[in-house]
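Input: a single structure, listed below in C-alpha cells.
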Amino acid sequence: MPELPEVETAARDLAAQVIGRQIVAIEKLDWERMIETPTPAEFHALLPGRQIVAVGRRAKWLLLTLDAGWTLAIHLRMSGSVSVHPPDMPADVYTHLVLRLDDERRIFFHDTRKFGRVRLLDAAGLVLLDQRHGPEPLSETFTEEVLAALLRGRRAQLKPLLLNQAVLAGLGNIYVDESLWRARLHPLRLAASLTQREIAALYEAIRTVLTQAVQNKGSTLRDYRTGYGQSGENQHYFMVYGKTNVGQPCSRCGTAIVRLVVGQRGTHICPQCQQIYAGSTEPSGLDSPA
DNA sequence: CATTACCTGCAA
DNA sequence: TTGCAGGTAATG
C-alpha cells in the first residue's frame, strides 16, 4: 500500500486516537519476523509501560514517539494498515500485532502479506532512520531548487530515481506515475536531461498530486485502510494508474493509457502526452556515453 | 543495473 | 495455473 499520503493519513488518524495513552501490553505478536530491532525478547521487555506522546511520519515510516526516548517505527510495506479498535473487536488471522492501551482499546497492525516491519528505536536509531531518507516533498523546505539539485548530474531514469527513498522520501509506484503524467514527463527520461521548465512542472506535479491524495485520505486499492479502518478516496482521482485494464482515455488528449514496465514496476502513461524525447529535450551526453 | 526474495490473495 | 499487486533488501 502505503505511500506518503496513506502513511500520513494513518499517522494523523492514530494521533487523534492514541496520544497520551499508555501501551500496557503486547496482546498478540504471531509473526516475530516483523520485528527488525531489537530482538523479540527485548521488544517484549521494553514496549509495555511506554506512553505514546506523539505520532508522526518520516518517508513511509509511521512513527509513534514514546516516553523514555523510544520511538515505535512501523513500515506498512505493501499490505499493512494500522487502526484502533474497541476491546470487543476480535483480531483476525492477518492482524499480526495487537497493542493493548490503558483505556482497553487496541492498536491493530493488520498485514496480509507479512511484508510490514516494526522497529523500536532509541534516539540514535531514529537519527539513522531519518538520515537514510531524502527530503520530504511536502515540507516547506522542499523547493524547486531542491528538486533541481536532486536531479542534477543523475543519469538514472526518472521513475526509478523518484522511487528511491534515499533521494526523495515518500513517493511510490502510484504517485510517481500520477506525478509524471501531470508533468507530461516520460518515466524513462534521464533525470539530468530535464529542462528548468520541466523541473518546475515536475515539482508542481509532485506537490499537487501528494497534497490532493492526503486531502482524500490516501488511495485504497486492496488492503489499505485509514486509522479508522475506512477506505481512502483518492483512487477515484487517478489519471493513469490502473487505467489500462479497461483501456481508458487520457483525460487531457483522449489517447488510450498504456502500461509498460520500468525498473521492474508496472508503469502507466499517456503515450501522447508523455513522449521520451520530444522536441528539444535531448539528454546531454546521449551521444557521448560515459 | 537486473533479478530474486519476502508473503498472500485474487483476477485472468 | 499463472501472473500480478501500493515496497524494499539482498544477491548476481
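General observations
- The listed residues are A:L120, A:L97, and the only one of them that is in contact with a Leu (Cβ under 8 Å, 6 or more places away or on another chain), within 16 Å of DNA strand B (Cβ to nearest atom) and within 27 Å of A:A68 (Cβ to Cβ) turns out to be A:L97.
Let's see how each residue does on (1) of a type in the set (D, E); (2) within 16 Å of DNA strand B (Cβ to nearest atom):
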position	(1), (2)
A:W31	no, yes
A:T37	no, no
A:G49	no, no
A:A54	no, no
A:S81	no, yes
A:D102	yes, no
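- Remark: pairs (first residue in segment A:86-109, in a loop (DSSP other than H, G, I, E, B); second residue within 16 Å of DNA strand B (Cβ to nearest atom); Cβ separation under 8 Å; 6+ apart in sequence or on different chains) = A:A91/A:K28; A:D92/A:H110; A:Y94/A:H110; A:Y94/A:D111; A:Y94/A:T112.
- Within segment A:1-23, being closer than 30 Å to A:Y241 by Cα and β-branched (V, I, T) holds for A:V7, A:T9.
- Entry remark, segment A:125-155: residues being over 15 Å from A:L202 (Cβ atoms) and within 16 Å of DNA strand B (Cβ to nearest atom) number 2 in total.
- Pair list, Cβ under 6 Å, 6 or more apart: segment A:208-234 residue within 25 Å of A:T95 (Cα to Cα), other residue aliphatic (A, V, I, L, M) and assigned to a loop (DSSP other than H, G, I, E, B): A:D223/A:M1; A:Y224/A:M1
- Search result, residues across segment A:155-182 that are in a helix (DSSP H, G or I) and surrounded by fewer than 24 Cβ atoms within 10 Å (Cβ to Cβ): A:P160, A:L161, A:L163, A:N173, A:R182
- Residue list for segment A:222-260, filter: within 15 Å of DNA strand C (Cβ to nearest atom), assigned to a loop (DSSP other than H, G, I, E, B) and β-branched (V, I, T): A:T226, A:V240, A:T244, A:V246, A:I257
- Residue tally, condition farther than 16 Å from A:H268 by Cβ and touching a Ser or Thr at 6+ places or on another chain (Cβ under 6 Å), over segment A:226-247: 5
- Among the residues of segment A:73-98, the ones that are under 23 Å from the mean Cα position of the chain (by Cα) and more than 30 Å from A:R265 (Cα to Cα) come to 2 in all.
- Pairing residues of segment A:259-277 that are closer than 12 Å to A:K159 by Cα with residues that are of a type in the set (F, W, Y), at Cβ distances under 8 Å and at least 6 apart in sequence or on separate chains, gives A:H268/A:W181; A:H268/A:Y241; A:I269/A:W181.
- Strands (runs of 3 or more DSSP E) (entirely within segment A:1-65) containing at least 1 residues that are more than 16 Å from DNA strand C (Cβ to nearest atom): A:23-29, A:52-58
- Any hit, segment A:95-105, residues being charged (D, E, K, R), modelled with pLDDT of 95 or more, more than 16 Å from DNA strand C (Cβ to nearest atom) and on the phi > 0 side of the Ramachandran plot: yes
The values are calculated or read from the model by the stated rules, or taken from the named source; none is laboratory data. Predicted, not measured: the structure shown is a model, and the values here were computed from it. For neighbour counting, all protein chains shown are included, and Cβ atoms are generated from backbone atoms with ideal geometry for every residue, glycine included.
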